[in-house]
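To start, the structure itself, in structure tokens.
Rule-based calculations on the coordinates, nothing more; no lab input. Remember, predicted model here, so these are calculated numbers, not experimental data. Every residue, glycine as well, gets a Cβ built from its backbone with ideal geometry; the counts of neighbours run over all protein chains shown.
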Amino acid sequence: MQEKGTISIHTENIFPIIKKFLYSDNEIFLRELVSNAVDATQKIKRLAALGEYKGELGDLTIDVSFDKEKKTITVSDKGIGMTAEEIKKYINQIAFSGASEFVEKFKDAKDANEIIGKFGLGFYSAFMVADTVEIHSLSREEGAEPAKWVCDGSTEFEISPGDKTERGTDVILHINSESEEFLDKWKLQEILDKYAKFLPVPIRFETKTESVEDGVDDKGEKKWKSVEVDNIVNTTDPIWTQAPSELKDEDYLKFYKELYPMSEDPLFWIHLNVDYPFNLTGVLYFPKVKKDFELQRNKIKLFSRQVFITDEVKDIVPEFLMLLHGVIDSPDIPLNVSRSFLQADSNVKKINNYITKKVADKLGELFKKDRKVYESKWGDIGLFVKYGMISEDKFYEKGKDFALFTNTKGEYYTLEEYKEKVKPFQTGKDDKLVYLYATDPDKQDSFIQSANKKDYDVLLMDSPIDSHFIQHLEGKLENASLKRVDADVVDKLIEKEGGYENLLTEEQSNKVKEIFEKAIDNKTYSVEVQGSSPEELPVTVTMDEFMRRMKDMAQNGGMGFYGAMPDNYKVGVNGNHPVVDRILKSEDAAEQERLAKQAFDLALLSQGLLKGKELTAFVKRSVELI
Ligand code: ADP
């Protein structure tokens with residue numbers, strides 16, 4: 001008996017709307033149909049396990065096929081199947097209460113996922129690429145009649161007895177003329193690779209060629225022949241679904257290579273596994289950090305019950321962990337809703353916190369277990385840890401126990417260890433602890449040497465994140481500050497009781513200042529005569545810590561005002577140095593200026609600031625002086 005009916009929705013033109021709005025994402029039709037096939041297959045397995053289905057399960061492989069001539073794509077499963085009644089119930093009554101609701105909601109929808117998820121339109125996404133869709137199904141129920149459903153994309157459908165003899169469902173799409181690109185082996189393979197690679201039921205698509213042994217030849221050597229075998233597109237039990245205790249390092253590394261064939265081996269990984277208060281599994285890998293951060297982002301793949309959803313995991317993974325690689329699988333993440341909803345969703349927040357905590361715990365554990373190994377990886381891990389400590393307070397609290405300082409001698413200290421190490425030497429007369437750091441040890445070498453001579457230690461802060469990390473640390477460390485080692489002469493960086501005084505009279509100091517200003521003849525250098533040890537350099541050129549930081553920040557974006565200011569250097573003349581004494585004693589103004597210029601150039605030279613003509617003139621003058 002043939003029956004005609006109308007799909008019960010309250011708007012006549014629903015399909016044109018779906019097509020129009022979903023067009024950009026139309027490849028997901030295959031994801032939806034294959035997911036339905038997987039669901040139907042898992043349901044029959046469950047029924048069998050519960051003893052509610054007594055028949056043979058048989059081979060449950062799902063088949064995806066296409067016919068270029070007939071312009072069809074077919075998805076076949078051996079799942080629970082549907083009776084005619086079930087088709088009417090599940091397929092014909094689209095799950096929304098009325099046209100007005102749909103029209104109201106879809107106008108804000110940004111992509112197909114959103115509409116499909118909200119309205120349970122998975123099956124109907126087939127109409128994005130097909131003019132006509134057929135369902136042939138045989139229910140699991142004993143004595144069930146096969147059913148056939150045909151719909152041409154209008155609201156009219158036709159249901160009649162079918163001829164399917166095997167349990168399960170075939171969905172046949174008659175591809176429309178705009179979507180013929182999908183009638184292609186590579187295109188379909190690509191979509192299956194993207195969405196179906198880790199689905200829990202085997203999915204067969206076409207065949208592939210494999211070499212198999214074929215006896216031995218006359219010389220006793222193995223012979224090989226090519227055979228066509230089924231091409232199973234997926235791995236049904238990817239490692240994140242397995243128990244960590246069952247897995248070896250090789251398994252994790254192999255999976256990593258499968259996901260990112262072009263990447264170097266990761267540093268380490270974390271297996272995520274929670275079932276309360278939300279459901280989440282996954283494996284996150286710490287990659288070797290490359291210079292080009294942007295290319296490394298968006299590498300985490302998000303799945304829902306092994307169906308690939310997206311690699312835009314923003315909001316679910318904390319910002320500072322966006323450089324991680326791997327997979328997250330959670331049926332609890334509302335995948336089909338808009339971004340703003342995602343941000344407000346409490347599950348998403350919990351997941352975010354959970355991941356942060358797990359990563360912190362793992363790092364803490366690695367640090368405790370084998371500090372040497374941890375130190376050797378710090379170059380890569382450091383970026384995550386510092387970024388995390390800056391951006392999330394909760395992470396700072398944990399991170400301060402396993403974050404490492406490196407000094408210019410290549411030694412590693414925890415924050416606490418370092419404080420204990422430098423406290424006896426680097427506490428100033430105001431009782432404040434001063435941490436010294438270098439950003440470019442080659443350029444700042446003379447300053448590092450001066451600091452080391454005084455038993456001061458110098459930290460190495462040479463990565464792009466360090467200027468932010470320094471600022472953040474200063475906010476956190478009590479009664480301590482950080483100063484770049486070339487921000488001033490060493491005696492000024494850390495001022496101690498009974499430091500050197502300038503032994504020149506005021507008149508002498510003014511005279512020296514005048515000579516130097518004339519010799520330098522450049523307004524961006526401001527000369528100051530001060531007291532340091534006679535052992536120190538006669539002249540040092542420094543940039544004020546505050547000013548320099550402002551300029552650094554301006555360079556990293558924002559604060560244009562400081563960026564536009566010219567570099568302003570302070571020239572510190574050591575009033576106690578013998579050269580200054582010589583300058584004062586000289587009667588010859590030209591000689592005075594020459595010596596002053598030479599001492600100044602030496603200071604510039606020690607910082608790599610002397611270049612071009614100035615450098616040539618310096619060399620010439622040096623020869624004359626010899
Ligand atoms: P959803 O999968 O979100 O429920 P769909 O529109 O994709 O929405 O499917 C509607 C319903 O139709 C499913 O819930 C299921 O009951 C039924 N269905 C769809 N495809 C199949 C299939 N291949 N085998 C059995 N039942 C199916």
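What the table shows:
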read-out	value
Taking only Cα atoms of the range 395-550, radius of gyration then Dmax in Å	17.2, 57
Fraction of beta bridges assigned by DSSP in the chain that are antiparallel (%, nearest 5)	75
Table column - 3J(HN,Hα) (Hz), the range 369-386, Karplus curve with 6.51, -1.76, 1.60, x for Gly and Pro	5, 8, 4, 4, 5, 4, 4, 5, 9, 4, x, 8, 5, x, 4, 4, 4, 5
Which of 262, 459, 510, positive extreme of dipole for the chain (C-beta unit charges)	510
Pairs from 511/551; 429/454; 429/570 whose Cα-Cα separation, in the structure shown, is over 25 Å	511/551
Partner lysines for residue 223 [C-alpha distance under 27 Å; skip if fewer than 8 residues away on the same chain]	208
Semi-axis lengths, Å, the chain, gyration tensor of Cα atoms, sqrt of 5 times eigenvalues	73, 26, 23
log₁₀ of I(q)/I(0) at q = 0.20 Å⁻¹ - the range 404-493, Debye sum with one point per alpha carbon	-0.95
Straight-distance crosslink candidates among lysines, where the alpha carbon sits under 21 Å from residue 369 and sequence neighbours closer than 8 are dropped	248, 288, 357, 358, 377, 386, 398, 400
Helix 28-49 vs. the chain, principal-axis angle (Cα, 0 to 90°, nearest 10)	70
Listed pairs 45/350; 423/443; 187/254; 71/254 exceeding 28 Å between Cα atoms	45/350; 71/254
Modelled FRET efficiency - R0 56 Å, residue 397 with residue 218, Cβ distances, 0.05 increments	0.15
The range 506-625: radius of gyration over Cα atoms, expressed as a fraction of 2.2 N^0.38 Å	1.16
Reachable aspartates and glutamates, given that their alpha-carbon falls under 17 Å from the alpha-carbon of residue 88 and they are not under 8 places away in the same chain	3, 134, 141, 145, 152, 156, 158, 170
Over the range 158-282, volume per residue of the alpha carbon convex hull, in Å³	289
Spherically averaged projected area in nm², based on the convex hull that wraps the Cα atoms of the range 332-483	11.2
